[in-house]
1. Taking the options Arg104, Arg87, name whichever one is among the charged types (D, E, K, R), modelled with pLDDT under 80 and surrounded by fewer than 15 Cβ atoms within 10 Å (Cβ to Cβ).
2. Any idea which of (1) touching a Lys or Arg at 6+ places or on another chain (Cβ under 6 Å); (2) modelled with pLDDT under 80 is the one Ile169 doesn't satisfy?
3. Could you grab me the full set of residues in segment 214-233 that are of a type in the set (S, T, N, Q) and either assigned to a helix (DSSP H, G or I) or at pLDDT below 85 (or both)?
4. I'm told Ile126 meets every condition in (1) touching a Leu at 6+ places or on another chain (Cβ under 8 Å); (2) at pLDDT below 80 except one. Can you identify the failing condition by its number?
5. For residues that are of a type in the set (Gly, Ala, Ser), within 20 Å of His205 (Cβ to Cβ) and more than 40 Å from the chain's Cα centre (by Cα), tally how many sit in segment 165-194.
6. Within segment 98-124, how many residues turn out to be under 17 Å from Arg136 (Cβ atoms) and part of a helix (DSSP H, G or I)?
7. Name, by its number, the condition in (1) loosely packed, with under 10 Cβ neighbours inside 10 Å; (2) modelled with pLDDT under 80; (3) among the charged types (D, E, K, R) that does not hold for Glu47.
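The values are calculated or read from the model by the stated rules, or taken from the named source; none is laboratory data. Since the structure is predicted, the reported quantities are computational estimates derived from the model, not experimental observations. We place every Cβ from the backbone using ideal geometry, glycine too, and count neighbours over all the protein chains shown.
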Amino acid sequence: MPQQRVAATLGISVEAVVARLEPSQRRSKQEAARLAVEQQGDLLPREEIVARYAGGATMAELGKLYGVHPTTIRRRIPDDLIRPRSRTPQPRPRRVLVEEEVRRRYAAGESAYVLAREFGVSVHTIRARIPDTDWRGRPAEEASAPPPRSAQPRPGGVRMVLVLSDEEILNRYRAGQSATAIGRAAGVDCRTILRRIPEHERRSHLQAQRLNRPAPDVDADTIRALRARGLTWEAIAAETGLSAKTLRARA
């Protein structure tokens with residue numbers, strides 16, 4: 001019996017039980033754990049476990065069912081026990097693709113996706129069985145390669161009328177505003193704004209990034225100097241108007 005059960009049976013404390021035992025009679029934690037596992041295993045229904053295991057249950061499932069480790073279940077299984085092999089599910093037979101049936105059902109209104117899923121093939125395989133004259137979608141050559149967009153102006157030569165004139169757009173762009181900001185003010189896309197800017201005046205991506213960078217005067221030397229004065233990242237952020245994350249990235 002474990003010390004806790006002896007103490008509960010006699011109505012005394014565990015310390016009193018330990019005090020009445022000789023040092024040679026006291027069990028170690030490892031030995032006590034081993035005995036507890038054996039006692040717990042003796043209470044398991046061995047015949048029921050063997051029957052469940054022979055029926056296909058795994059040791060992990062049986063251990064979870066009886067609340068023990070799978071190794072404890074393994075000790076109850078005879079070494080010569082042979083379980084029947086599990087049945088491997090047979091693959092679902094694929095239907096034979098009959099072109100006449102495919103054409104007839106497609107002409108009746110069924111979609112190519114439904115036919116492809118039923119016959120176990122791709123939509124392109126179904127498409128290859130349908131004549132071009134009966135196909136309800138776009139022809140294959142049109143679907144694979146969409147025609148390029150024409151760079152010609154809109155029919156009739158009508159140009160979009162913007163809230164801002166071309167001269168004002170150019171003046172704002174030269175003053176440092178981005179095409180995105182100007183487009184937001186005019187209610188159009190930035191690409192519409194860029195078409196009003198001469199090619200030689202358009203800024204590169206790097207130039208726009210430097211121009212639109214907030215607080216460009218706050219460089220790494222300035223940040224290090226403020227840190228040397230004992231200011232925290234939060235204090236520098238409040239003073240410069242930048243976030244602490246941006247300050248760390250620039251430093």
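1. Details: Arg104 fails: modelled with pLDDT under 80.
Residue meeting the stated conditions: Arg87.
2. With respect to (1) touching a Lys or Arg at 6+ places or on another chain (Cβ under 6 Å); (2) modelled with pLDDT under 80, Ile169 is out only on (2).
3. Going residue by residue through segment 214-233, those that are of a type in the set (S, T, N, Q) are 222, 232.
Result: Thr222, single match.
4. Just one mismatch for Ile126, condition (2).
5. From segment 165-194, those of a type in the set (Gly, Ala, Ser) are 165, 175-176, 178-179, 181, 183, 185-187; that's our starting set.
From what is left, the residues that are within 20 Å of His205 (Cβ to Cβ) are 175-176, 178-179, 181, 183.
Then keep just the ones that are more than 40 Å from the chain's Cα centre (by Cα); that gives 175-176.
Adding up the residues that qualify gives 2.
6. Our first condition is that a residue be under 17 Å from Arg136 (Cβ atoms); within segment 98-124, this holds for 102-116, 123-124.
Filter once more, so that each one left must be part of a helix (DSSP H, G or I): 102-107, 112-116, 123-124.
Number satisfying all stated conditions: 13.
7. The single condition Glu47 does not satisfy is (2).
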